[in-house]
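Enquirer: Can you keep this structure in mind? I'll have questions shortly.
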Amino acid sequence: MPQTPLSFAAGRIVKHALLAAGHYRRALGRSRFPGVAVLGYHGLRRDDAAAGTMAFENLHLRASTFEAHCRVVRDTCDPISIDDWRAALAGSARLPPRPVLITFDDGYRSVLTIGAPVLKALALPAAVFVCSDLVERRRLLWFDDVAARGGESAVEPWKARDYADWLPACAQHTQEVGLDDPRALLTPAEVRELSLQPGIEIGSHTARHPILAHATAAEQRAEIAESRAALERWTGRPVRAFAYPNGRPRVDYTETTIALLAELGFDIAFTTRPAFATSDEPAFERSRFLVVAEVTAAELAHRLAYAWDR
Ligand SMILES: [Zn+2]
């Protein structure tokens, strides 16, 4: 049966009441996840930011919503870092019953200004996947630039183009962006600052956010290696984790991409396939649940407890 606006609203009210009554905490307390619940966030927005003023707004959670999500994760699940996961995979530790890993894609500055203080206050680890070229040149990500000029619908056709067409016509000349713009990315110094917060790992998301499947092996290698080198220079740490731009398995990247990641020294990579990341998954194709702005804290708790397939 299709969900009507009324049943949607009613469901929302019920879930909120269940969260407030401690129902999800009790239900989750009795459960064990079939793998790691990796949450995929992008940017964050101040609570007083005007609605409807930026493209892809649903990828930028309100600060208070994100904080409420973090409390759900801390109070009902077992937050882990990628290093905790690595230790479990190496056999030197065990994963807790309800492991949750928080991740952010793209490298938005709001992850530092809004997200990092919340993560620190609640002692939550996270991984942040950064596009290095835009950070270095203080530019908008190509899809934010295209959407600002032609609307969100103008973005999708570019994802079908060959890298060699897309790079000079679209990605290379995006607008400069001021630090106070909600679409601004981190600066190199801020990538370093973020990397110094205990529990935060910086990973690569390529240099320019291409659809890797539409690039040659040499172009893919350049995008990945350039980004890793820049991030290692800024943070002074090895970069071993990767998130595929757009992230659909075998659509947005290929077998070649996976081989390149292994060859370049990465040890884990994340897709956008919405599932628990189980132990039998390949290390370079870890599943993730995308989390968007309309997901309330109660809805997140509901999904963790019931809605996500296990
Ligand atoms: Zn991305």
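Enquirer: Equivalent ellipsoid semi-axes for the chain, as square roots of 5 times the alpha carbon gyration tensor eigenvalues: give them largest first, rounded to whole Å.
Expert: On the way: eigenvalues 178, 110, 72 Å².
One finds semi-axes of 30, 23, 19 Å for the chain.
Enquirer: Probe 1.4 Å, all protein chains in place: accessible area of L179 in Å², nearest 10?
Expert: Using a 1.4 Å probe on the heavy atoms, I get roughly 80 Å².
Enquirer: About the Cα centre, and with charges only on the beta carbon of Lys, Arg (+1) and Asp, Glu (-1), how big is the dipole of region 45-194? Nearest 20 debye, please.
Expert: Numbers: 18 positive and 23 negative charges, 78 e Å.
Result for region 45-194 is approximately 380 debye, rounded to the nearest 20.
Enquirer: Suppose only helical runs count, i.e. DSSP H with n ≥ 4. What mean residue ellipticity at 222 nm does that imply for the chain under -39500 (n - 2.57) per run, divided by all residues and rounded to the nearest 500 deg cm²/dmol?
Expert: Details: 13 runs with 116 residues, N = 310.
My calculation for the chain gives -10500 deg cm²/dmol from helical runs alone.
Enquirer: So what is the relative contact order of region 5-307, in percent, for Cα pairs below 8 Å that sit 6 or more residues apart?
Expert: 23
Enquirer: Of the peptides 27-33, 271-277, how do they stack up when ordered by the mean number of other Cβ atoms within 10 Å, highest first? Don't jump to the answer; show the numbers that get you there.
Expert: Details: 27-33: 15.1, 271-277: 19.6.
Highest to lowest by the protection proxy: 271-277, 27-33.
Enquirer: Further question: Report the gain in length on full extension from A283 to R310: 0.36 nm times residue separation, minus Cα-Cα distance, nm rounded to one decimal.
Expert: Values: separation 27, 0.36 × 27 = 9.72 nm, distance 1.93 nm.
Residue separation times 0.36 nm, minus the Cα-Cα distance, leaves 7.8 nm.
Enquirer: Also: Skip the ligands, DNA and RNA, and give the accessible area per residue of region 63-143 with a 1.4 Å probe, whole Å². Spell out each step's value before the answer.
Expert: Details: 2660 Å² over 81 residues.
Averaged over the residues of region 63-143, the accessible area is 33 Å².
Enquirer: Oh, and also: What does the charge dipole of region 5-307 about its Cα centre add up to, to the nearest 20 debye, if the Cβ of each Lys and Arg holds +1 and the Cβ of each Asp and Glu holds -1? The partial results should precede the final answer.
Expert: Details: 36 positive and 37 negative charges, 222 e Å.
That gives region 5-307 a dipole magnitude of about 1060 debye.
Enquirer: Still on this structure, please answer the following. Using only alpha carbon pairs under 8 Å that are at least six residues apart, calculate the relative contact order of region 130-182 and give it in whole percent.
Expert: Working: 31 pairs, mean separation 24.8, N = 53.
Across region 130-182, relative contact order equals 47 percent.
Enquirer: Using a 1.4 angstrom probe on heavy atoms only, work out the carbon and sulfur share of the accessible area of the chain in %. Don't skip to the answer; put the middle values down first.
Expert: Numbers: 7360 of 13480 Å².
Roughly 55 percent of what the probe reaches on the chain is carbon or sulfur.
Enquirer: Select from P245, C131, V14 the residue farthest towards the positive end of the dipole of the chain; place +1 on Cβ of Lys and Arg, -1 on Cβ of Asp and Glu, and compute about the Cα centre.
Expert: V14
Enquirer: Taking every alpha carbon pair in region 158-226, what does the distance histogram look like in 5 angstrom bins from 0, in percent?
Expert: Spelled out bin by bin, region 158-226 gives 3, 14, 19, 20, 18, 15, 9, 2, 0 percent.
The values are calculated or read from the model by the stated rules, or taken from the named source; none is laboratory data. Only a predicted model underlies this, so the values are computations on that prediction, with no experimental measurement involved. Heads up, the Cβs are rebuilt from the backbone with ideal geometry, glycines too, and the neighbour counts pull from every protein chain shown. Keep in mind that these areas ignore ligands, DNA and RNA; they rest on the heavy atoms of the full protein, side chains included. Shrake-Rupley method; radii C 1.70, N 1.55, O 1.52, S 1.80 Å.
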